[in-house]
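Report on one structure; see the data block that follows.
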Amino acid sequence: MNQSANSAGQSPQGRPFIGVHLRCCNHYVRIYLNQQGTAYTGHCPRCATPVRVDVVKEGGSSSRFFTAD
Ligand SMILES: [Zn+2]
């Protein structure tokens, strides 16, 4: 009878993310919004190149896909 089995290990539900195409390795990854809500950050899983996409304050962009160098 473990009532708290679902409380650990997973990312918070509803955390925003975007898809980024990494040109360095021709690889596609998802990166997640940082705690400040100012940028999406992550890294290339193959070569560890940092990836950052700043949040556009306009909020009107319909693009959810980006390309990183
Ligand atoms: Zn890479």
_List pairs: first residue in the stretch 21-35 and among the basic types (Lys, Arg), second residue loosely packed, with under 12 Cβ neighbours inside 10 Å and part of a strand (DSSP E or B) anywhere in the structure, Cβ distance under 7 angstrom, at least six positions apart or on different chains._
Arg23/Thr67
*Selected residue (criterion: surrounded by the most Cβ atoms within 10 Å (Cβ to Cβ)) from residues of the stretch 32-51 that are part of a strand (DSSP E or B) and touching a His at 6+ places or on another chain (Cβ under 8 Å)*: Val51
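The numbers here are math on the coordinates, done by the rules we state, and not lab data. Everything quoted here is computed from the prediction, not taken from an experiment. Backbone-built Cβ (ideal geometry, glycine too); neighbour counts: all protein chains shown.
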